[in-house]
Structures are given as structure tokens and as C-alpha cells.
Amino acid sequence: MLTGIFDTHAHYDDAKFDDDRDAVLAALPGRGVVRVINCGVSLATSKTSLALAHRYDYIYAAIGIHPEDCGDAKDSDYDALLPLYNDPKVVAVGEIGLDYYWDSVPKDVQLAAFKRQLILANDLHLPVIIHDREAHADTFALLHKHRPQGVLHCFSGSAELAKEALSLGLYIGLGGAATFKNARKAVEVAAMLPADRLLLETDAPYMAPVPHRGKRNDSSLIVHVAERLGEIRGEDPQQIVDRCRENAERLFQLKSES
């Protein structure tokens, strides 16, 4: 069994865990998981993420407004988030970014929300957890302008785009998609990433890795991602887990668990 797993992106507040959330979360430490960052996507889910972080010692919270949720967000929502960032279990501004796939929120609204939260993160000296789906040009334009610390979650770009992210000092998050048969870009990115810039994630309950694709994901399934990355990089899966944990501890300014 792999140990020391740090899942840098999960959503255990999601309704898919409503029937057995406590059982799942209570079991994860016994399955090799030492830390999880639960990411909010709205004011409500940010509060829930923080509540989970206080309930379970190994869970930390990222709070912010997701691009698919920013259309309904009011100034009062952003104002209500501000005092939550003072909580020591909040380690990032996220999940924030741009999503042009669904076309459900106007681009100008998304851009304004993303910019607002990038500025906030820099003011608070917190890293960002970035959602970038079919919006690479606009995402990177803002990243070049504001230069935050952070991670590109569920990275879907090319190896060349990954190099650009690395030049900005950003980390790359890889999860279940790297195990999919059609994951050409993810494989190329996984092969070229420096060992000190890679993070492991699930996006639980979504993006379960092969051989669990299509089922509910959870942090223990990161073992399959680590095994696949080990094949791609010619490295031992436990070594990958250990390095990725160290990277996450550094980015999110957490004391080492080792």
C-alpha cells in the first residue's frame, strides 16, 4: 500500500458523498491518505469545506468562487469570504479560474471574478488553485499579469503550455485523466515535469482513474495515478507520492508530515 498521500484537490462536500461522507472520510487515513485540500466553489461550499477541515484534522480548505458559479455571486458573497481567509485551516484561494466549455457564464463576468480573486490571493500571500478549461489564452494572460503562486488543477494543456506555467513558478496538478487511454497530452506533460513541480489530485468525486473510471472517486484512488505516473516517468510510485507531498507542503505552507 502506498502511504503519505496528499490529495491537493477534492470536493467531499459534493452530494455524491451525502450517504456515506463520514464513513469515507474516517477511512481515508487508514488507506494511506495524510492530507486533503477540499475546494470550495461558492460561498456556501467554501463554508462547508472549512467546516470539514475543522472536523477532520487531515483536511484543509481552499475557498473561492468557481467560474461556473461566479455568475450568481454577489459582492456580498466575496465580502463574506474575506474573514474566512484568516482561519489557519484555509490554505488557498480556490477553486477559481475560467471555464469556456459550458458557456454558462459570460466571459467578462468570469474574467472579472478571476482577476478579483488573483489580486486577493496576492494581497493575502496565499496560493491559488486554478480551473482552466478551454480558456488557456485568457487564463495565462491574467497569470502573466498578476503572477500568483499556485497550481493549475487538472491540467489539460500541452507540454509547451506546461513549460510556460513552470516559467511563472506554478505547479501542475495531475489526476485520474493521466490514466485514461486517450491521455496523450497528460502523458507528455507528466513525462517532462520537474519532480518539484508536480502535485497529485483527485477532483473527487469526479475523474476517477482507470480501473475505476466512471465510478465515484476518492483520495485513496490516487495510488492508480501514482502507479501510472511511475510508468511514464520510470520512477517508483511511492517516490512520486513522497515528492508530490513535499511539493504540496511547500506550496500550501504546511509543516511536513514526514
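Worth a mention:
- Scan segment 194-214 for residues that are in contact with a helix residue (DSSP H, G or I) (Cβ under 9 Å, 6 or more places away or on another chain) and either exposed (fewer than 15 other Cβ atoms within 10 Å of the Cβ) or more than 29 Å from residue 163 (Cβ to Cβ) (or both) and the total you get is 6.
- Qualifying residues in segment 14-26 (those that are part of a helix (DSSP H, G or I) and in contact (Cβ under 8 Å) with a residue 40 or more places away in the chain) - the one surrounded by the fewest Cβ atoms within 10 Å (Cβ to Cβ): 16
- Residue count for segment 210-258, restricted to those that are at positive phi and at pLDDT below 95: 0
- From 42, 76, residue being in contact with an Asp or Glu (Cβ under 7 Å, 6 or more places away or on another chain) and either free of Cβ contacts under 8 Å to residues at least 12 places away in the same chain or among the polar types (S, T, N, Q) (or both): 42
- Residues that are closer than 28 Å to residue 143 by Cα, of a type in the set (Asp, Glu) and over 13 Å from the mean Cα position of the chain (by Cα) within segment 168-225 comprise 188, 196, listed in sequence order.
- Criterion applied to 175, 157 was being in contact (Cβ under 8 Å) with a residue 60 or more places away in the chain and closer than 26 Å to residue 187 by Cα, and the one residue passing it is 175.
- Some residue of segment 147-158 being buried (at least 20 other Cβ atoms within 10 Å of the Cβ) and among the aromatic types (Phe, Trp, Tyr): yes
The values are calculated or read from the model by the stated rules, or taken from the named source; none is laboratory data. Every value quoted in this text rests on a predicted model; they were computed, and no experiment measured them. FYI the Cβ positions are ideal-geometry reconstructions off the backbone, even for glycines, and counts take in every protein chain you see.
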